[in-house]
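Every number in this text was worked out from the coordinates using simple rules, so none of it is lab data. Just so we're clear, the structure is a prediction, and the values are computed from it rather than from any experiment. Here Cβ is always computed from backbone atoms with ideal geometry, including for glycine, and neighbour counts include all displayed protein chains.
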Amino acid sequence: MRILLLFIFSVFCSFPAIGQLVGIFDGHTDIGKPKNPGNTTFNTTTQEYHLTGSGYNIWFGRDEFHYTHKKLSGDFIATANFQFLGKGTDPHRKIGWMVRGSLEEDAPHMSATLHGDGLTAMQWRHLKGAHMRDPEDEIRFSKKHVQIIQLERLGGTYIMRVAQVGEPLQEVGRLSLKTLPDSLLLGLFISAHNENVTEEAIVWNVRIDKPVAETYNPYNQGFLGSRLEVMNVLDGKRKIILESTGRFEAPNWMPNGKELLINEEGSLFKVSIANGTKEKLNTGIANRNNNDHVISFDGKMLAISHHREGLPGGGSTVYVLPLSGGEPTLVTEKTPSYLHGWSPSGKEVVFVGQRDGTYYDIYKISVKGGAEIKLTANDGYHVDGCEYSPDGKYIYYNSSQSGTMQLWRMKPDGSAKEQITFDEYNDWFPHLSPDGKWIAFISFPTTINPNDHPSYKRVMLRLMPAQGGPPQVIAYLYGGQGTINVPSWSPDSKSIAFVSNSEKAAKK
């Protein structure tokens, strides 16, 4: 046994750092024996990677660089923010994403690359030992000094996209590289382009998503895993709080600023932001809760949507209960009724309902029950995501009245409806910051039916001033339904919470 252990130890030691886990990666190592050793460290508090690396170049017939990698099969979408540290020595120092057939110095590879002088390029080596050529083995992009780099594998095709902060992703190019195996290495890299120099970079918001087919139906084929994330909207930095191979959705930020509220398998749970621990919230008879749960402005009450059996539209019904938990009180007798917001006074809630099998409309109703008041009269289009502004002057919502799903607002009596976003994306679920200054929302791609907000799509979270102005992208993610269905701002208006998805959930 002792001999076997010594043999195993010697095998691992022969590949420096390959077996050392670093963040989400399997290991990190120098490729091509550069003169100066490189390294990668992961800050568990900030969830940032710090890379150092040397090497003559990633070019010609062999490479020298530092590589932080994991083994993957199938399709993926890898996205991250990259930044060099320091002025650097050579203008062609490189950082970015790389897929690679092996850890050999002359392996076939494809890299989504940012150079020190700002050059953005997709570069590759088709065959093991082949000499990379300029310009035959690269695609250069006109946009320079990008920060966000995305690399996607779709079948045998590799797609590079980039963006400046706040912008939608733009495609640099795509390449079919069939010499790379299905099971390959994906990771972060850094090369100094100078064998005598060591360069540094930081990489953050690192996400590797395993997508499903566009036609995938999670209700029939199974749900993907979930990540609970928080993001500072001022600097765009994200942190993962909780991960699961199962499905949870729609975080609210609790009034204490220290917990989030999510729904999972019909129940509601409080999740600690500090350590991700979960505590089930008592909702009494309501044990089939969906992702429509909203906390009152004063932080004392919770409104929920619970499904009653045998009723129209799946029986979604609005209830209210103390935020501390307890037996819920019925608000809407008619179904389906999908909760979305409280009035600032705490006396009313707004919801989306379908009556008599017609189109969905926005309604408001007293939390004590009684007659519901219809605020829209739709004819052939869809509305959703209704939510009061903190000052009570408007109800914000999304509507496909213009042909594309866009953000709108109206006065609380349903008058003075006005469109507030005007672009090609399908915009859903406007959420006003507690200070009333910002609107956060989710944007679905142009290929989606405007009246639908499906799961597992390439979506963006965007931010715009409440008084109007151009939206900016604050996050790129794989998600959709359940990502940000409910108000999810932190009490101090500096952060939001959301759910992203990746990989098929394991069978139980």
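Structural remarks
- Converting phi to 3J(HN,Hα) with the Karplus coefficients 6.51, -1.76 and 1.60 and the offset θ = phi - 60°, region 352-369 yields 9, x, 10, 10, 6, x, 8, 5, 6, 9, 9, 10, 10, 7, 5, 5, 8, x Hz in sequence order, with x at every glycine or proline.
- Annotation: the chain has a Kirkwood hydrodynamic radius of 24.4 angstrom, from the mean reciprocal C-alpha pair distance.
- Couplings 3J(HN,Hα) of region 113-118, computed from phi: 10, 10, 8, x, 8, x Hz, in residue order, whole Hz [Karplus 6.51 cos²θ - 1.76 cosθ + 1.60, θ = phi - 60°; x for Gly and Pro].
- Applied to region 197-207, the Karplus parametrisation 6.51 cos²θ - 1.76 cosθ + 1.60 on θ = phi - 60° returns per-residue 3J(HN,Hα) values of 10, 10, 9, 10, 7, 10, 9, 9, 6, 7, 9 Hz, with x for Gly and Pro.
- Pairs beyond 19 Å (Cα-Cα), from K347/K368; K128/K178; K300/K417; K35/K94: K300/K417
- Helix axis angle, 2-13 relative to the chain longest principal axis, alpha carbon, degrees: 90 degrees
- Expressed as a fraction of 2.2 N^0.38 Å, the value expected for a compact globular protein of N residues, the C-alpha radius of gyration of region 223-504 is 0.91.
- Summary of packing: across the peptides 333-345, 210-222, the per-residue average of other C-beta atoms within 10 Å ranks them, highest first, as 333-345, 210-222.
- Pairs of C-alpha atoms in region 2-209 farther apart than 24 Å represent 36 percent of all such pairs.
- Projecting the alpha carbon convex hull of region 277-403 along each direction and taking the average yields 8.6 nm².
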